[in-house]
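K.L.:
Just passing along the structure, written as structure tokens.
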Amino acid sequence: MRALETVLLAKGYVDPAALDLIVETYETKIGPRCGAQVVAKAWVDPAYRQRLLADGTAAVAELSFSGRQGEHLKVVENTGQVHNLVVCTLCSCYPWPVLGLPPVWYKSAPYRSRAVIDPRGVLADFGVTLPRDKTIRVWDSTAEMRYLVLPQRPAGTEGWSEERLAELVTRDSMIGTGLPHPAGAGA
Amino acid sequence: MTLPSDMLKLIPALPCDVEGPVFREPWEAQAFALAVDAHAKGLFTWSEWAAALSAQIKAAQLAGDPDTGETYYQHWLATLEGLTVSKGATSLDQLKQVQSAWDRAARATPHGQPIVLENDPLAS
């Protein structure tokens, strides 16, 4: 496919910006997109949460969306003290079997370089402001190890079903550039 | 950029959910985008595309393709290759050459780094 793409690009039959635009339209339609279900289950089921944090690959496979590729998935948990942010500084490694296609900004050079140097600034660009005393941990993905953020469960969701909780889980909250929707947001 | 549904309807057996096309892997979306944009730039008409794709899929089925959806975008790519050549935008030889260049580049690229065509040791 890369050969075909190279030839079409060289002859001007496709243009990279247009390709990105088309792919972006469908980026939420790629892969099993099961991340939200994984997070919601971890919120309601403490034993599952334990297994997920201990071995992300196996715990995600339990929900039968097995990652086809060999890479390992490590789940990192946000707490009152720590916020996690995922980046791939080298290229754009991404847990797509869980999250679908990476958003275009994830692949951009500014995000890849700034996420490490100035994570707080990057989060501010995404509209996320964290307390100054909260630690931000940045995880750099590789071809062998992908990361998924387990966000904090929003307040006021006691007794909610997994399905209802899953609607609060955004893609960005599992990359760390966002937070889940609050309980009040109409989903 | 969403495709009009009447265009999508012409395409045989396109994997879709209620809202539109779905893809199992990122490269499938890239392949989808290539055909959509090449059509937008006028390389072929959409009915030519639909006809060529059905022919490709039928031929594959006759050759024993299980047609479970897993091979769908392989047929998609083969169709795009065929049309690109028959429309004279490239030749099979040129395509093969670029393919080998990508293969060499991939092998010459250290693990963990993005593969770019410039890494082809034979690139001048």
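Values quoted throughout were computed directly from the atomic coordinates according to the rules given, and no laboratory measurement underlies them. Quick caveat: nothing in here was measured; it's all calculated off a predicted structure. FYI the Cβ positions are ideal-geometry reconstructions off the backbone, even for glycines, and counts take in every protein chain you see.
K.L.:
How many nm separate the modelled label positions at A:ILE117 and A:THR142, each set 7 Å beyond the Cα in the direction of the Cβ?
P.N.:
2.4 nm
K.L.:
Sticking with this one: Assuming R0 = 51 Å, what is the FRET efficiency of A:TYR48 and B:GLU48, from their Cβ-Cβ distance, to the nearest 0.05? Working shown, then result.
P.N.:
Working: r = 51 Å, r/R0 = 1.00.
Efficiency, from the Cβ-Cβ distance: 0.50.
K.L.:
Follow-up question, since we're still on this one. What distance in nm lies between label points placed 7 Å from Cα along the C-beta direction at B:GLN61 and A:ARG132?
P.N.:
Label-label distance for B:GLN61 and A:ARG132, simple model: 6.8 nm.
K.L.:
Taking 0.36 nm per residue of separation and subtracting the Cα-Cα distance, what length does fully extending B:ALA40 through B:MET7 add? Walk me through the numbers on the way to the answer.
P.N.:
On the way: separation 33, 0.36 × 33 = 11.88 nm, distance 1.19 nm.
Extra length from B:ALA40 to B:MET7 when fully extended: 10.7 nm.
K.L.:
Enumerate the aspartates and glutamates that A:LYS107 could reach by cross-link, defined here as Cα to Cα under 15 Å, with residues fewer than 8 away along the same chain left out.
P.N.:
The reachable aspartates and glutamates, counting only those whose Cα sits under 15 Å from A:LYS107, are A:ASP20, A:GLU24, A:GLU27, A:ASP140, A:ASP172.
K.L.:
Also: Suppose R0 equals 35 Å. What FRET efficiency, 1/(1 + (r/R0)^6) with r the Cβ-Cβ distance, do B:GLU118 and B:GLN74 give to the nearest 0.05? Present the calculation step by step, with values, prior to reporting the outcome.
P.N.:
Details: r = 27 Å, r/R0 = 0.78.
Computed FRET efficiency for B:GLU118 and B:GLN74 comes out at 0.80.
K.L.:
Which cross-chain or sequence-distant (5 or more) residues have an amide H under 5 Å from the amide H of A:GLU77, H modelled 1.01 Å from N in plane?
P.N.:
A:LEU150
K.L.:
Within the range A:111-164, report the trypsin sites (Lys or Arg not before Pro) that DSSP leaves as loop and that have at most 15 other Cβ atoms within 10 Å. Write out the running numbers ahead of the final one.
P.N.:
Numbers: sites: A:ARG112, A:ARG114, A:ARG120, A:ARG132, A:LYS134, A:ARG137, A:ARG146, A:ARG164; in loops: A:ARG132, A:LYS134.
Loop-located and lightly packed - A:ARG132, A:LYS134.
K.L.:
Further question: From the phi of every residue in the range B:39-48, what ³J(HN,Hα) in whole Hz does the Karplus formula 6.51 cos²θ - 1.76 cosθ + 1.60 yield, where θ is phi - 60° and glycine or proline is x?
P.N.:
Karplus-based 3J(HN,Hα) across the range B:39-48 equals 5, 4, 8, x, 5, 7, 7, 5, 6, 4 Hz.
K.L.:
Still on this structure: I need the GluC sites (Glu not before Pro) found in the range A:120-164, filtered to DSSP loop residues with at most 16 other beta carbons within 10 Å of theirs. Kindly include the intermediate steps, with their values, before the conclusion.
P.N.:
Values: sites: A:GLU144, A:GLU158, A:GLU162, A:GLU163; in loops: A:GLU144, A:GLU158.
Qualifying residues, ordered by number: A:GLU144, A:GLU158.
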